[in-house]
Amino acid sequence: MLDTDGVVSVRDLVLQKLNPDDRWNLALVQRAEVWDQVRMRHLLDSMLAGYPIGAILLCRVEGESKVIRVEGGQRRVDDGDPNAWQLLDGQQRINAFFSMLTGEGQYGRFYLHMTMRREPPGPTQSRTAKDRALGYIAWRADDSAEPLDDRHLHVDLTRFAAWAEQHRPLDSLLVEAGNVARLLTELDPDFDAVLAPEAASIAVDRLQRLMHAWLDPVIPVLRATVREASDVLEIFSRINLGGVQVEGADVYFAAVKTFWHEAESRLDWVQLAALFLPTRMDALRLVSRLASRGLG
């Protein structure tokens, strides 16, 4: 049986993880925490952009089952409570929010540049290119001696959860050009309290986005009650292996169509005209090379 349980906010997920008496145990099939700082920064970027970031899936097993309990950073296998919900999908995202927005994580510190404009999304797919596009979100390991450029224009996000809770109800806090520098200095004392008008405008938008991302209930929570522990494994397998893997060529072609709306019909014509091109992707490669040559 599967039912929806409404939607929750990032705040809900973080505060629940901070509460030792109200944590979801992990389904036994869950992996260790495997996300790195690049994936976490991408999640934060999606959150600030208002993109969907997926659902949280919980399950409850009517029969006997094992769960993973996490206490004091240590994982141990224990008997599952038939009445308790197990976290089956969403662990990595919850841990990323927890690590980025509180001082309790173990993955270094994340810094948000408050006056740098976010680059418009593009069709880049390589890890290096994606990393460069996130220039306004920085990360440093806890033991790093590498200085952060423009540190006085960044806020340390590990302070955000505590700051937000001090300003409850946060959605009533007015953020405007006249007070944004003061609020950001309150959030992070290392932030520069003097901003030019254009920089203040960007900072207002970024802080408002961060506050909305923290408060707005936009993350669906699904709950499934199953009979056996083997059903948990089956759900996990279908979630992670059941879909058709999206190939890099598919993503590339999707990007081409985004900027060249007639791509499909034009490439079909090229393929028909040039019989030595067996597929549409071959036609796209040829046209891309000709275009690149024409552009020098």
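The values are calculated or read from the model by the stated rules, or taken from the named source; none is laboratory data. A quick note: this is a predicted structure, and the numbers were derived from the prediction, not measured. Don't worry about glycine lacking a Cβ; one is built from the backbone with ideal geometry, like all the others, and counts go over all protein chains shown.
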(message) Condition first: closer than 14 Å to L28 by Cβ and either part of a loop (DSSP other than H, G, I, E, B) or within 9 Å of the chain's Cα centre (by Cα) (or both). Now tell me which residues in segment 40-67 satisfy that.
(response) G63, E64, S65
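Yes/no per residue for (1) at negative phi; (2) among the hydrophobic types (A, V, I, L, M, F, W, C); (3) under 31 Å from the mean Cα position of the chain (by Cα); (4) at pLDDT 85 or above:
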{"site": "A193", "(1), (2), (3), (4)": "yes, yes, yes, no"}
{"site": "I202", "(1), (2), (3), (4)": "yes, yes, yes, yes"}
{"site": "L207", "(1), (2), (3), (4)": "yes, yes, yes, yes"}
{"site": "A213", "(1), (2), (3), (4)": "yes, yes, yes, yes"}
{"site": "P220", "(1), (2), (3), (4)": "yes, no, yes, yes"}
{"site": "A224", "(1), (2), (3), (4)": "yes, yes, yes, yes"}
{"site": "E228", "(1), (2), (3), (4)": "yes, no, no, yes"}
{"site": "F276", "(1), (2), (3), (4)": "yes, yes, no, yes"}
{"site": "R293", "(1), (2), (3), (4)": "yes, no, no, yes"}
(request) Identify the residue in segment 22-39 that is in contact with a Phe, Trp or Tyr (Cβ under 9 Å, 6 or more places away or on another chain) and part of a loop (DSSP other than H, G, I, E, B) and, among all such residues, is farthest from V10 (Cα to Cα). (result) V29
(request) Please work out which one of (1) closer than 22 Å to S237 by Cα; (2) surrounded by 14 or more Cβ atoms within 10 Å (Cβ to Cβ); (3) touching a Phe, Trp or Tyr at 6+ places or on another chain (Cβ under 9 Å) is the condition V61 fails and give its number. (result) (3)
(message) Take R168 and tell me if it is basic (K, R) and exposed (fewer than 15 other Cβ atoms within 10 Å of the Cβ).
(response) yes
(request) Could you list, in sequence order, all residues of segment 267-286 that are among the acidic types (D, E) and either surrounded by 14 or more Cβ atoms within 10 Å (Cβ to Cβ) or under 27 Å from P121 (Cβ atoms) (or both)? (result) D282
(request) Mind counting the residues in segment 1-26 that are over 24 Å from A162 (Cβ atoms) and in contact with a Lys or Arg (Cβ under 9 Å, 6 or more places away or on another chain)? (result) 7
(message) Against the conditions (1) over 21 Å from the mean Cα position of the chain (by Cα); (2) surrounded by fewer than 13 Cβ atoms within 10 Å (Cβ to Cβ); (3) in contact (Cβ under 8 Å) with a residue 12 or more places away in the chain, where does L153 fall short? Just the number, please.
(response) (2)
(request) Please go through segment 68-110 and pick out each residue that is basic (K, R) and either outside any strand (DSSP E or B) or surrounded by fewer than 20 Cβ atoms within 10 Å (Cβ to Cβ) (or both). (result) R69, R75, R76, R93
(request) Collect the residues in segment 257-277 that are small (G, A, S) and either outside the structural domain of V287 (by TED's automatic domain parsing) or within 12 Å of V287 (Cβ to Cβ) (or both), keeping them in residue-number order. (result) A263, A273, A274
(message) For segment 19-40, check the following and say yes or no: at least one residue is buried (at least 16 other Cβ atoms within 10 Å of the Cβ), at pLDDT 85 or above and of a type in the set (K, R).
(response) no
(message) Need the failing condition index for E264 against (1) under 25 Å from P120 (Cβ atoms); (2) among the charged types (D, E, K, R); (3) in contact with a Ser or Thr (Cβ under 8 Å, 6 or more places away or on another chain), just the number.
(response) (3)
